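**Q** Quick one: structure below, then a few questions.
The values are calculated or read from the model by the stated rules, or taken from the named source; none is laboratory data. Given the structure is predicted, the values throughout are model-derived calculations rather than measurements. Every residue, glycine as well, gets a Cβ built from its backbone with ideal geometry; the counts of neighbours run over all protein chains shown. Each accessible area value is taken on the protein alone, full model and side chains, heavy atoms only, with ligands, DNA and RNA left out. Shrake-Rupley method; radii C 1.70, N 1.55, O 1.52, S 1.80 Å.
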Amino acid sequence: MNILLIGSGGREHALAWKISQSPRVTKLYCAPGNPGIAELAECVDIAADNIPALKDFALQNKIDLTVAGPEVPLTLGIVDEFELAGLKVFGPSKAAAQLEGSKMYAKKIMKKYKIPTAAYAVFTDAQKALEHVYMSRFPVVIKADGLAAGKGVTVAVSLVEAKRAIHAALRDKVFGEAGAQIIIEEFLSGEEASLLAFCDGKDFVPMVSAQDHKAVYDEDKGPNTGGMGAYSPAPAVTKEILRQVGETIFKPLLDGMAKEGAPYKGVLYAGLMLTPGGPKVVEFNCRFGDPETQAVLPRLQTDIVDIFEACLGGQISAQKISWSDAAAVCVVLAADGYPGQYAKGKEISGIAAAAALPDTCVFHAGTAKQDGRLVTSGGRVLGVTALGADIPAAIKNAYKAAGLISFPGLHKRKDIGKKALAYLP
Ligand code: AMP
Ligand code: GLY
């Protein structure tokens, strides 16, 4: 099979790594890819959101299956466009991808199908939003409706912070159209966890659980990022919680989306808050998580191409999927200053030594080749994943590998996986 993978981050490097292990793959292309992916696939210089060019490429190169990594092509409707052209593509339709593309849509669906989530109200008018906040208990959570690259959410602990967030979105339009509507939500407390599932339009099979670390500094201090590390499994997600998530979240959602005429195919990512009242949805994403994927896929023992095809064929329940019992920890190596301003073009060394350690993968995210040297080119530069017999062993292995890699201005959290320890026997 000829496969086209779309995207250029650490998630896509992990996907390329897993897809390239399939004996069914003749040729793997990645648009646009990165230097790490280039070792596994032929990278083609087409942007992830240039759907017409991606479609032409897929037709010309006889692509048998396309896998879209990021949310943008999915919410733009790459699946609909490709299917119209007779191309097979793994992911949700434009209508179904609205679960991530519009928080308001996701909230409406959750309300309609009684899926547990935070209470909310929607505003387009700053004054009305402020009046609502005056009446609310703090903290309140203020969210831009549309895609804001992970920056559209403020957990406001004071009126001043709430005002700032409301004005930023509705008056100053810092998120453009994505923030023309905002959602003000009840604050949920508890442990966060990510549960992703393979979905075929009617049935789903959950992957192993994971937890992301969104804040830039240790102990969840500092601004939120795309994710500074992840581990899997998340022991806070017990068997009973897993059962509840299936029964109260995934099942009614898939049934509901089918009723809406937008059956959900692809990966559905449920960002959960494990509250004392049971698991509740913080957000849905219409794709694999980043960096959760870098911690989850190294545990997958089944051919991922078979799984993609089972989803497309409406056969996910019949597909056997096995996972390693090992734990995985992914530590992100970022550029100092991220998620704000940061330097680029810093030379990276030590990757080969780290990758040579047993059960260790170094996934590229923001890297580039410059005059034959590997340099930094983004905020999140690399993700270093290691397996271990349990979470403490995986933490040790991941930090040992991460410690071998350096570049000027490297920043990493030193506590990835630590939260899991509280849940271990
Ligand atoms: P989101 O982009 O919706 O996942 O939100 C980003 C982060 O904000 C989440 O990972 C949570 O840490 C936090 N957050 C979002 N919504 C809530 C909520 N209702 N209660 C508590 N924390 C939240
Ligand atoms: N790790 C968060 C996300 O992928 O959206």
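**Q** If I take the Cα coordinates of segment 87-131 and project them onto the principal axes, what are the three extents in Å, biggest first?
**A** 49, 23, 12
**Q** Follow-up. Assigning unit charges at the beta carbon (Lys, Arg +1; Asp, Glu -1) and nothing else, what dipole magnitude in debye, to the nearest 20, does segment 1-88 show about its Cα centre?
**A** Numbers: 7 positive and 11 negative charges, 72 e Å.
Using Cβ point charges on Lys, Arg, Asp and Glu, segment 1-88 gives about 340 debye.
**Q** Among Ala97, Ala144, Ala355, which one moves the most in a GNM of the chain with springs linking Cα atoms closer than 10 Å?
**A** Looking only at Ala97, Ala144, Ala355, the biggest GNM fluctuation is shown by Ala355.
**Q** Tally Lys/Arg at +1 and Asp/Glu at -1 over every other residue whose Cβ is under 10 Å from the Cβ of Ile6; what's the total? Kindly include the intermediate steps, with their values, before the conclusion.
**A** On the way: positive: none; negative: Glu12, Asp49.
Taking every Cβ under 10 Å from that of Ile6, the sum is -2.
**Q** Which one of Tyr264, Tyr113, Tyr231 has the biggest mean-square fluctuation once the chain is modelled by GNM with Cα springs under 10 Å?
**A** Judging by the Gaussian network model, the answer is Tyr113.
**Q** With the cut-off at 1.5 for a/c, could you classify segment 24-72 from its C-alpha gyration tensor as rounded, prolate or oblate? Intermediate results must be reported in sequence, preceding the final value.
**A** Values: a/c = 1.59, a/b = 1.09, b/c = 1.46.
It is oblate, given that a/c is not under 1.5 and a/b is not larger than b/c.
**Q** Relative to the compact-globule scaling 2.2 N^0.38 Å, provide the ratio for the alpha-carbon radius of gyration of the chain. Don't skip to the end; give the middle numbers.
**A** Values: Rg = 20.6 Å, N = 425, 2.2 N^0.38 = 21.9 Å.
Here the answer is 0.94, to two decimals.
**Q** Could you tell me what percent of the DSSP beta bridges with both partners in the chain are antiparallel, to the nearest 5?
**A** 80 percent
**Q** Computed FRET efficiency, Cβ-Cβ of Met135 and Glu177, R0 35 Å: what is it to the nearest 0.05? Could you put the intermediate results ahead of the total?
**A** Details: r = 28 Å, r/R0 = 0.80.
Here the calculated transfer efficiency is 0.80.
**Q** Still on this structure, please answer the following. Mean-square fluctuation check for the chain, GNM, Cα pairs under 10 Å: which of Ala126, Ala295, Ala335 is largest?
**A** Taking springs between Cα atoms under 10 Å, the residue moving most is Ala126.
**Q** Would you list, by chain and number, the aspartates and glutamates whose Cα falls below 12 Å from the Cα of Lys414, excluding same-chain residues fewer than 8 positions away?
**A** Those aspartates and glutamates meeting the cut-off are Asp218, Glu219, Asp220.
**Q** Next question, about the same structure. Run down the aspartates and glutamates and flag those whose C-alpha is under 20 Å from the C-alpha of Lys88, throwing out any fewer than 8 positions away in its chain.
**A** Within the straight-line cut-off, Lys88 pairs with Glu12, Glu42, Asp49, Asp56, Asp64, Glu71, Asp80, Asp200, Asp203, Asp303, Asp306, Glu309.
**Q** Also, quick follow-up: So what is the accessible area of segment 106-228 per residue, in Å², with the probe set to 1.4 Å? Can you show the working numbers first?
**A** Values: 5870 Å² over 123 residues.
Accessible area per residue: 48 Å².
**Q** Let me ask something else about it. Across segment 154-286, how many lysine pairs, 8 or more positions apart or on different chains, have C-alpha atoms separated by under 28 Å? Please give the number.
**A** 24
**Q** Right, another one. With a ≥ b ≥ c taken as the square roots of the eigenvalues of the C-alpha gyration tensor of segment 1-116, please select rounded if a/c is under 1.5 and otherwise prolate if a/b is larger than b/c or oblate if it is not?
**A** Prolate, since a/c reaches 1.5 and a/b exceeds b/c.
**Q** Counting only helical runs of four or more DSSP H residues, what would the 222 nm mean residue ellipticity of the chain come to if each run contributes -39,500 (n - 2.57) and the total is spread over all its residues?
**A** Details: 15 runs with 119 residues, N = 425.
After summing the helix terms and dividing by residue count, I get -7500 deg cm²/dmol.
**Q** In segment 108-122, whose amide N lies under 16 Å from the spot 7 Å out along Cα-to-Cβ of Glu186? List them in ranges.
**A** The answer is 108, 110-122.
**Q** Quick one: accessible area per residue over segment 236-387, 1.4 Å probe, rounded to a whole number of Å²?
**A** On the way: 5620 Å² over 152 residues.
Heavy-atom SASA per residue in segment 236-387 reads 37 Å².
**Q** Keeping all protein chains in position, work out how much accessible area Cys43 exposes to a 1.4 Å probe, and write it in Å² to the nearest 10.
**A** Roughly 50 Å² of Cys43 is accessible to a 1.4 Å probe.
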